[in-house]
1. Per-residue accessible area for Tyr268 at 1.4 Å probe radius, Å² rounded to 10?
2. Within a Cβ distance under 14 Å of Gly75, other residues only, what is the Lys/Arg minus Asp/Glu net charge?
3. Rg and Dmax of region 150-283, Cα atoms, in Å?
4. Where does region 104-151 land on the Kirkwood hydrodynamic radius, alpha-carbon pairs, in angstrom?
5. Loop only by DSSP, 16 or fewer other Cβ within 10 Å of the Cβ. Give me the trypsin sites (Lys or Arg not before Pro) in region 1-74 that pass, ordered by residue number.
6. Counting only protein heavy atoms, what percent of the accessible surface of the chain is carbon or sulfur at a 1.4 Å probe?
7. What number, rounded to the nearest 500 deg cm²/dmol, is the helix-based mean residue ellipticity at 222 nm of the chain, given -39500 (n - 2.57) per DSSP H run of at least four residues and division by all its residues?
8. Determine the distance separating the Cα centre of region 99-136 from the Cα centre of region 261-305; give it in Å without decimals.
Amino acid sequence: MARSPDLMSVSFSIASADGSARAGIIRTPHGEIETPVFMPVGTLGSVKGVPQHILEELGVQILLGNTYHLYLRPGHEAIREMGGLHRFMSWERSILTDSGGFQVFSLSELRKVTEQGVEFRSHLDGSSHVFTPERSMEIQIALGADIIMAFDECTEHPATRERARESMEMTARWARRNKDYFEAHKEEVPWGVKFTQSTQSLFGIVQGGMYADLRRESAERLLEMDFPGYAIGGLSVGESREARREILAATLPLLPKDKPRYVMGVGYPDEIAEYAAMGVDMMDCVLPTRAARHGLLFTSEGRMNIKNARFARDQQPADPACTCMVCSRYTRAYQRHLFVSGEPLAAVLNTIHNLAHYLDTMRSVRHAIKLGKLRAKPVPFRDRVIG
């Protein structure tokens with residue numbers, strides 16, 4: 001295929017700022033994304049229990065897919081043949097895929113890490129597989145997400161300084177291999193750059209454990225490679241919230257102000273509002289969907305255990321301040337009944353509400369940034385459990 005040196009990838013512009021917080025636009029081949037943005041996790045090409053048209057109605061701008069899981073089932077070659085993940089799952093808006101590094105990390109006893117890559121056994125059938133930086137790029141190019149992530153080694157917690165440095169340096173070496181393979185093969189994206197004159201974008205990932213100086217070194221080495229966006233990985237792996245905040249405070253100022261900053265795998269509603277105020281542009285987390293399946297709802301008054309008996313005759317909506325399609329129609333009593341009865345609809349309604357709450361939180365943050373009032377009026381959230 002002839003090379004096209006002028007292919008466009010993502011672009012990022014900042015419209016408003018309030019202290020460190022920024023409200024901006026990320027433009028991808030599949031649409032514009034208002035930032036700061038929360039990205040729902042659709043691990044297998046699906047946000048569990050919620051069809052795509054509902055996600056669109058909720059205002060989801062970008063979904064996150066998982067390279068490890070989609071590689072194992074249905075397979076990246078099958079998805080490539082069907083035109084990429086967008087066409088396969090009938091989603092016309094933006095998609096980000098993670099590299100599989102965190103999932104391979106979480107297999108612990110089923111993996112072996114070498115300089116070449118990671119050998120692991122499938123959690124589905126025990127079959128043996130190998131992910132290298134080049135293989136992760138090959139798979140993610142086949143999936144065709146707008147934004148793809150470098151294959152990194154996620155440092156466990158706790159980790160000694162020696163172990164964190166070893167992992168960070170491995171991630172830096174792998175980052176170069178990721179970028180080299182991507183630049184040589186990016187025109188193989190299944191949606192066809194000859195029609196869009198656009199291609200995917202590869203983001204680098206800062207590692208370094210809980211050591212600020214190692215995070216600095218990691219960021220500096222990645223910046224030399226000039227990625228179009230940067231993520232901070234290796235968080236939400238068991239560290240305290242205070243430690244996480246300290247690492248973010250030390251790392252965010254090191255990243256370019258004119259490129260998207262992505263913090264992976266966070267967090268509670270008040271956390272994502274706090275991190276947006278610190279200058280984070282993109283966040284994702286399984287929490288709103290996973291908690292929903294266990295009967296935990298996020299509301300303007302705190303976290304609600306809908307399975308509690310006190311809600312058995314409660315005719316209020318889950319959150320009287322919420323205008324989502326669930327709170328506009330159903331009562332706490334009905335949602336509790338569905339949950340304790342084991343009805344699948346319970347998880348669906350709970351998930352829709354939780355996603356709406358997270359997305360509304362980000363809308364409020366963006367609005368406050370534009371008004372210059374985010375620091376003066378932080379997004380309200382009461383960290384308590386109702387019921």
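1. 80 Å²
2. Values: positive: Arg73, Arg80, Arg135; negative: Glu77, Glu81, Asp125, Glu138.
The answer is -1.
3. My reading of the Cα-based Rg and Dmax gives 15.4, 49 Å.
4. On the way: mean 1/r = 0.0865 Å⁻¹.
By the Kirkwood definition, the hydrodynamic radius is 11.6 Å.
5. Arg3
6. Working: 8160 of 16150 Å².
For the chain, the apolar C and S fraction of the accessible surface comes to 50 percent.
7. -11000 deg cm²/dmol
8. The two parts, judged by their Cα centres, are 28 Å apart.
The values are calculated or read from the model by the stated rules, or taken from the named source; none is laboratory data. The structure presented is a predicted model; accordingly, all values stated were derived computationally and were not measured. Quick reminder, even Gly has a Cβ in these numbers, built from the backbone with ideal geometry, and neighbours come from all protein chains shown. For accessibility, only protein heavy atoms count, side chains too; no ligands or nucleic acids. Shrake-Rupley method; radii C 1.70, N 1.55, O 1.52, S 1.80 Å.
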